[in-house]
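S.K.: Before I ask anything, here is the structure I am working with.
No lab work stands behind these numbers, since they all come straight from the coordinates. Bear in mind the structure is a predicted one, so any value in this text is a computation, not a measurement. Cβ: placed from backbone, ideal geometry, glycine included. Neighbour counts: every protein chain shown.
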Amino acid sequence: MARSAKATAELAGSAPVFAALGDGTRLRLVSRLSRDGPTSITRLSAGFPITRQAVTKHLRVMEDAGLVRSVQHGRESVWQLEQKRLAEARRHLETISAQWDETLDRLKSFVE
């Protein structure tokens, strides 16, 4: 597979990640997990203007995208970020950014 075709396929595989991160509530949950580390659903729900059940639904969307996972500790679920999946998304964004910069440079050269 050619390099650009492989990169395109990898980027397409990350679409669920970007879709999951496209929601403000989920971004705030990622931010909180990033800041606080593994956290119980009770603590994650604190301060959100939505129910604990709604927070759980958002976490499930992110879990389906591979962004978070939960571990049972007794009766409570503790949620944590999947660093590898976030790193993949970051690499894709860096690639897109570099491609955009190259395109702008070519446009600048053409205009000049």
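S.K.: I need the semi-axes of the equivalent ellipsoid of region 12-53: take the C-alpha gyration tensor, multiply each eigenvalue by 5, square-root it, list largest first in whole angstrom.
M.R.: Working through the eigenvalues yields semi-axes of 21, 12, 8 Å.
S.K.: Further question on the same structure: Along the charge dipole of the chain, Cβ charges K/R +1 and D/E -1, which of ALA19, ALA98, SER77 sits furthest on the positive end?
M.R.: SER77
S.K.: Given the rule -39500 (n - 2.57) for each run of at least 4 DSSP H residues, summed and divided by the residues of the chain, what is its mean residue ellipticity at 222 nm, to the nearest 500 deg cm²/dmol?
M.R.: Rounded to the nearest 500, the figure is -21500 deg cm²/dmol.
S.K.: Check every DSSP H run in the chain and write down those whose alpha carbon atoms cover 30 angstrom or more along the long axis and whose mean Kyte-Doolittle hydropathy is -1.0 or greater.
M.R.: Span-like helices, by this rule, are 83-111.
S.K.: Compare the peptides 80-89, 67-76 by average per-residue count of other Cβ atoms within 10 angstrom and give them in order, highest first.
M.R.: Ranked by mean Cβ neighbours within 10 Å, highest first: 80-89, 67-76.
S.K.: I'd like to compare 15-21, 103-109: which one has the highest average count of other Cβ atoms within 10 Å, and what's the full order after that?
M.R.: For the peptides 15-21, 103-109, the packing ranking is 15-21, 103-109.
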